[in-house]
1. Is there a residue in the range 38-52 that is in a helix (DSSP H, G or I), modelled with pLDDT of 70 or more and open to solvent by less than 90 Å² (accessible area, probe 1.4 Å)?
2. Looking only at residues in the range 162-187 that are hydrophobic (A, V, I, L, M, F, W, C) and part of a strand (DSSP E or B), which one is most open to solvent (accessible area, probe 1.4 Å)?
3. For the range 50-80, give me each residue that is closer than 18 Å to G106 by Cα and β-branched (V, I, T).
4. Restricting attention to the range 70-118, which residues are touching a residue at least 60 places away in the same chain (Cβ under 8 Å) and among the acidic types (D, E)?
5. Can you tell me which residues in the range 95-130 are of a type in the set (S, T, N, Q) and touching a strand residue (DSSP E or B) at 6+ places or on another chain (Cβ under 8 Å)?
Amino acid sequence: MLNVIRIFLTLITLIGTASSQEDPQLGSARVVFQTNYGDIEFGFYPSVAPQTVDHIFKLVRLGCYNTNHFFRVDKGFVAQVADVVGGRSAPMNEVQRVEAEKTVVGEFSDVKHVRGILSMGRYSDPNSAASSFSILLGDAPHLDGQYAVFGKVTKGDETLRKLEGLPTRKEGIFVMPTERITIHSSYYYDTEMEICEKERSVLKRRLTASAIEIERQVIRSSVALKLIP
């Protein structure tokens, strides 16, 4: 009996471990960065880092990342987006600047730093993250629990591979591209709204087809009635 209990408890532990290693649920919002090397699309983990997600998404909606750039591309490690306060080529308006200068509390989690993950940049202060963040280009377990993961890339890995192939130079600890990788513009959309629109379009086509078929049936019935002596 004790052996059965031990086996049961072991199974529960294994199931719990497997569940904790699953990817967290992505929210329905998607953001697209349009760069001079192609598009990069990503989604957010609101259940993992809600304050960080709210902050970054607000910066996106305000257009703060437009004309910004990737100041760091370290192949197999990270491609890092510059802080928007100093990274943009276009000046910011007052509303943008106020939001961009805000920092968010460090929302550290057990989500692993693997390729495609979005992770906030920060200084030594754990609550100093502002607008700079990294896209992981490989596994970096030494970052786990030290930097706030808030989303992941959903499309655009081919663009990331292009960035990894660019010539670089080293400045201190940073590996930086020799030419500017510009985020020309950004936009966002909601996947749930897109699904609704698609379903609405399909329903509209079905209703139209049904209406046409009903009209045909009515015409056939009329012709049949006329033929009855």
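The values are calculated or read from the model by the stated rules, or taken from the named source; none is laboratory data. In this text the structure is predicted, and so the values were computed from the model without any measurement. Note that we place each Cβ from the backbone using ideal geometry, even for glycine, and neighbour counts take in every protein chain shown. The area values use the complete protein model at the heavy-atom level, side chains included, leaving out ligands, DNA and RNA. Shrake-Rupley method; radii C 1.70, N 1.55, O 1.52, S 1.80 Å.
1. Restricting attention to the range 38-52, the residues satisfying the condition of being in a helix (DSSP H, G or I) are 50-52.
From what's left, modelled with pLDDT of 70 or more: 50-52.
Restricting the remaining residues to those that are open to solvent by less than 90 Å² (accessible area, probe 1.4 Å) gives 50, 52.
So far as the range 38-52 goes, yes, one or more of its residues are in a helix (DSSP H, G or I), modelled with pLDDT of 70 or more and open to solvent by less than 90 Å² (accessible area, probe 1.4 Å).
2. F174
3. Listed by number, the residues that qualify are T52, V53, I56.
4. Those that are touching a residue at least 60 places away in the same chain (Cβ under 8 Å) and among the acidic types (D, E): D74, D110.
5. Within the range 95-130, the first condition is being of a type in the set (S, T, N, Q), and the residues that meet it are 96, 103, 109, 119, 124, 127-128.
Scanning the range 95-130 gives T103, S109, S119, N127.
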